[in-house]
1. Tell me which of these residue 20 doesn't satisfy, since it passes every other one: (1) without any contact (Cβ under 8 Å) to a residue 40 or more places away in the chain; (2) out of contact with any strand residue (DSSP E or B) (no Cβ under 6 Å at 6 or more places or on another chain); (3) surrounded by fewer than 18 Cβ atoms within 10 Å (Cβ to Cβ).
2. For the range 211-251, what are the residues that are assigned to a strand (DSSP E or B) and closer than 9 Å to residue 185 by Cβ?
3. Could you pull out the residue among 6, 13 that is surrounded by fewer than 17 Cβ atoms within 10 Å (Cβ to Cβ) and within 12 Å of the ligand (Cβ to nearest atom)?
4. Looking at the range 29-48, which of its residues are more than 14 Å from the ligand (Cβ to nearest atom) and either touching a helix residue (DSSP H, G or I) at 6+ places or on another chain (Cβ under 7 Å) or more than 23 Å from residue 64 (Cα to Cα) (or both)?
5. Residue by residue through the range 59-71, note down the ones that are surrounded by 13 or more Cβ atoms within 10 Å (Cβ to Cβ) and over 19 Å from residue 170 (Cα atoms).
6. Looking at the range 165-186, is at least one residue touching a residue at least 40 places away in the same chain (Cβ under 8 Å) and on the phi > 0 side of the Ramachandran plot?
7. Which numbered condition trips up residue 204, out of (1) surrounded by 12 or more Cβ atoms within 10 Å (Cβ to Cβ); (2) in contact (Cβ under 8 Å) with a residue 60 or more places away in the chain?
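The values are calculated or read from the model by the stated rules, or taken from the named source; none is laboratory data. These numbers were taken from a predicted model, which means no experiment stands behind them. Glycine gets a Cβ as well: all are built from the backbone with ideal geometry, and neighbour counts include every protein chain shown.
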Ligand SMILES: [Zn+2]
């Protein structure tokens, strides 16, 4: 589950340019990204879905209480002078871990839509990055006082939401590739399914948590799936005492 945080709101409009208020752009984009993430099976919660005011402390606290896995804050940037700067940047507490990877992916994805890529910056002083307990990102989707960025924001709004969602989903996919290693105890490897089944049923009858793995035309009879190798060794000993020849495998 991740939390999307449309920044500002209520009495705090964020940056304002030609009557355009940052809080409205932030909310609209957060909701659009959230909708795409939810369609892809991600649980999404929001610090706000309407125009209400929360302090950054409250926003961080809401995320901590909800126990979300990621926190993504939506902002639009502002420069001292109108049309002085343009481009996207993503802010993180520090340049490490999956949040940094996700931030780079988001900047790159928005760059492909035509935004100038300012890049990923460390901002350890920001409350929503410092006070959140989970990986947290703050996206500045262009400058609200840049006519060029506003034009991109409006004309490519749906593509922007899609790109941000894709970058988030893509980063999460990369993460699951590095899934934890599981140790299993293998007691047999067979070309013939019936022989494999015979051993499997015997093990199951004796109460072992066994299963069959079919791989490269071979049937492997395995027992357990342990993150701690010590647990696999203990199971291996039980099986050996029971007369099986065993090896510990990770696949
Ligand atoms: Zn802002």
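1. Here residue 20 clears every test but (1).
2. Across the range 211-251, the qualifying residues are 222, 223, 224, 226, 247, 248, 249.
3. Exactly one residue qualifies, and that residue is 13.
4. 32, 33, 36, 37, 39, 40, 44, 45, 46
5. 59, 60, 61, 62, 63, 64, 66
6. So far as the range 165-186 goes, no, none of its residues is touching a residue at least 40 places away in the same chain (Cβ under 8 Å) and on the phi > 0 side of the Ramachandran plot.
7. So residue 204 meets the others, but not (2).
Yes/no per residue for (1) at pLDDT 95 or above; (2) closer than 25 Å to residue 150 by Cβ:
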{"residue": "44", "(1), (2)": "no, no"}
{"residue": "51", "(1), (2)": "no, yes"}
{"residue": "57", "(1), (2)": "no, no"}
{"residue": "61", "(1), (2)": "no, no"}
{"residue": "70", "(1), (2)": "no, no"}
{"residue": "78", "(1), (2)": "yes, yes"}
{"residue": "82", "(1), (2)": "yes, yes"}
{"residue": "89", "(1), (2)": "yes, yes"}
